[in-house]
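First, the structure itself, so that you have it in front of you.
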Amino acid sequence: MNDANADRADWLSVLERIARPVLEAGAAGELRARMPVEHRPESTVRHHFAHLEAVGRLLCGIAPWLELQGLTGEEEALRAELADLARRIVASGVDPASPDFLNFSYEHQPIVDAAFLAEAFVRAPKVLWQPLSETTKTQAVDAFRSTRTRKPHANNWLLFAAQIEAFLHTAGVADWDPMRVDYALRQHEQWYLGDGLYGDGPEFHWDYYNSFVIQPMLIDVLTSVQAVYPEWKGMLPAVGERATRYAVIQERLISPEGTYPAIGRSLAYRFGAFQSLAQAALLHALPEEVTPGQVRAALSAIIRRQMGAPGTFDDDGWLRIGFYGHQPGMGETYICTGSLYLCAVGLLPLGLPPSDPFWADPPAPWTSQKAWGGADMACDHALRGR
């Protein structure tokens, strides 16, 4: 097996290890019964939100791979199996009569994870949404509508409301709300700070929320609704250029050893911190100077390091709170077991076929390896005029 094939095999192994406990339990209607809910002792309400967190975040990350057609052999068999489990977990999760009926309506947190589920449907409409029964689709739409009873915070949360409405638009729901989309888009345009970075609200936060939420959801929302208004379509080129620049920055943050700065909140989402770089690879939006082979090598190094750390999984295969292994102190009061499944968004390039250069090209040194190895290389420059 060559290095490229070995990388894909490793990523698929990680995907299966992360996904299988959630999908198998949920497809059997036993997610609440089986999934542990680790959290800070003072965070006494997290069990209300943990299950929608796990489902929405996991499916958001693996959706492009579930949607991928043309696979063969063992990978196709795995994809088909997990796609079936995913549809069953959705059907169970939106059915009010199910023991696993997910919480879309209590408190504010469900706005977040309903949006990740909506983004999963946008990323895999042919596999995750269209095959669902009409009853399940109606129940899902009702669940998404129920999030409208609470207003999102004035920060990246605006994009959660927008993502839900953008999905409802793509699903042909007549009462989708373009105002929630427009407000989120306009506010983030005002919060753009330059050089590919947005504020999380009116202030800059040195964390990974440009990657966890802001840049990927801006891309997915605008792609879904661009045909509705000319001004929305007009936003997409600049938003795309900013996302590409931010992907460049993300790639440069990966050390020669395959580590990255432990800066900001929500570090327990682990390699999900690199969703923007992963999405740029998936969408073929990397700049010429950042090759697919070097991005795959860099992300593979991070994924192997974090997923291989002792204590990352419990004895039953569920993720545990931590950045490198089990580190309960790394979990904020809003973090629980379900939250951790946002790491899956770092696996987006699995939505590319094995023949794509991301997987077929030989591994290459990434930027920090070249720089610290003494290789001659071009200067880095800020993105101007966008």
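Quick note: the coordinates plus some simple rules give every number you see, no bench work behind them. Keep in mind that what you see is a predicted model, and the values were worked out from it rather than measured. Positions of Cβ are backbone-derived with ideal geometry, glycine not excepted, and every protein chain shown enters the neighbour counts.
Quick one: give the max-minus-min coordinate of the C-alpha atoms of the range 280-323 along each principal axis, largest first, in Å.
Dimensions of the range 280-323 along the principal axes of its Cα atoms: 43, 17, 14 Å.
According to the square roots a ≥ b ≥ c of the eigenvalues of the Cα gyration tensor, what is the shape class of the range 347-386, taking rounded for a/c under 1.5, prolate for a/b larger than b/c otherwise, and oblate for the remainder?
Working: a/c = 3.14, a/b = 1.40, b/c = 2.24.
Note, shape of the range 347-386 comes out oblate.
Relative contact order (percent) for the range 3-372, with alpha-carbon contacts under 8 angstrom and 6 or more residues of separation? Write down the numbers at each step before the final one.
Numbers: 622 pairs, mean separation 94.8, N = 370.
Answer for the range 3-372 is 26 percent.
Give me the one-decimal nm value for the distance between modelled label points at Ala227 and Met179, 7 Å along each residue's Cα-to-Cβ direction.
So the two model labels end up 2.6 nm from each other.
How about Lys151: which aspartates and glutamates have a C-alpha closer than 12 Å to its C-alpha, ignoring those fewer than 8 places off in the same chain?
List returned: Glu107.
I want the local charge near Asp220. Using Cβ-Cβ distances under 14 Å, sum +1 for each Lys or Arg and -1 for each Asp or Glu among the other residues. Could you put the intermediate results ahead of the total?
Working: positive: Arg123; negative: Glu67, Glu119, Glu165.
So the surrounding residues net to -2.
GNM, the chain, Cα, under 10 Å: largest mean-square fluctuation among Arg46, Arg34, Arg242?
Looking only at Arg46, Arg34, Arg242, the largest GNM fluctuation is found for Arg34.
Answer rounded, prolate or oblate for the range 3-372, using the Cα gyration tensor with square roots of eigenvalues a ≥ b ≥ c: rounded when a/c is under 1.5, else prolate when a/b is larger than b/c, else oblate.
It is rounded, given that a/c, with a ≥ b ≥ c, falls under 1.5.
What does the charge add up to near Arg265, with Lys and Arg as +1, Asp and Glu as -1, over the other residues with Cβ less than 15 Å from its Cβ?
Values: positive: Arg40, Arg270; negative: Asp200, Glu203, Asp207, Glu332.
Taking every other residue near Arg265 into account, the sum is -2.
In the chain, which whole DSSP H runs stretch at least 15 Å along their own axis (Cα) and average -0.5 or higher on the Kyte-Doolittle scale? Show your work: numbers first, answer last.
Numbers: long enough: 3-27 (34 Å, -0.12); 50-67 (25 Å, 0.77); 73-93 (30 Å, -0.17); 110-123 (19 Å, 1.17); 134-146 (18 Å, -0.86); 157-170 (20 Å, 1.08); 178-190 (18 Å, -1.34); 215-225 (16 Å, 1.12); 230-253 (36 Å, -0.44); 292-307 (22 Å, 0.06).
Span-like helices here: 3-27, 50-67, 73-93, 110-123, 157-170, 215-225, 230-253, 292-307.
Using a 10 Å cut-off around each Cβ, can you sort Glu75, Glu289 from fewest to most neighbouring Cβ atoms?
Going from least to most buried by this count: Glu289, Glu75.
At what distance in angstrom do the alpha carbon centres of the range 236-285 and the range 57-85 lie from each other?
If you average the Cα positions of each part, the centres end up 23 Å apart.
May I ask you to compute the full-extension gain from His47 to Glu30, defined as 0.36 nm times their residue separation minus their alpha-carbon distance, rounded to one decimal in nm?
Values: separation 17, 0.36 × 17 = 6.12 nm, distance 1.45 nm.
Full extension from His47 to Glu30 adds 4.7 nm.
Then there is this: Rank-order 362-369, 207-214, 190-197 by packing density, defined as the average count of other C-beta atoms within 10 Å over each peptide's residues, highest first.
Working: 362-369: 18.2, 207-214: 23.5, 190-197: 15.8.
Per-residue Cβ counts within 10 Å, averaged per peptide and sorted highest first, yield 207-214, 362-369, 190-197.
In whole Å, what is the distance between the alpha-carbon centres of the range 335-386 and the range 1-51?
The distance from the Cα centre of the range 335-386 to that of the range 1-51 comes to 23 Å.
Gln69 to Glu81: extension gain in nm, 0.36 nm per residue of separation minus the Cα-Cα distance? Could the numbers behind the result be given before it?
Working: separation 12, 0.36 × 12 = 4.32 nm, distance 1.38 nm.
Length difference between fully extended and current span is 2.9 nm.
Using a Förster distance of 41 angstrom, determine the FRET efficiency expected from the C-beta separation of Arg384 and Ala262, and round it to 0.05. Before the final figure, lay out each step's value.
Working: r = 30 Å, r/R0 = 0.74.
My answer for the efficiency is 0.85.
Mind listing which chymotrypsin sites (Phe, Trp or Tyr not before Pro) in the range 102-166 are in a DSSP loop and have 15 or fewer other Cβ atoms within 10 Å?
Working: sites: Phe104, Tyr106, Phe116, Phe121, Trp129, Phe144, Trp157, Phe160; in loops: Phe104, Tyr106.
In loop regions of the range 102-166 (DSSP not H, G, I, E or B), the sparsely surrounded chymotrypsin sites (Phe, Trp or Tyr not before Pro) are Tyr106.
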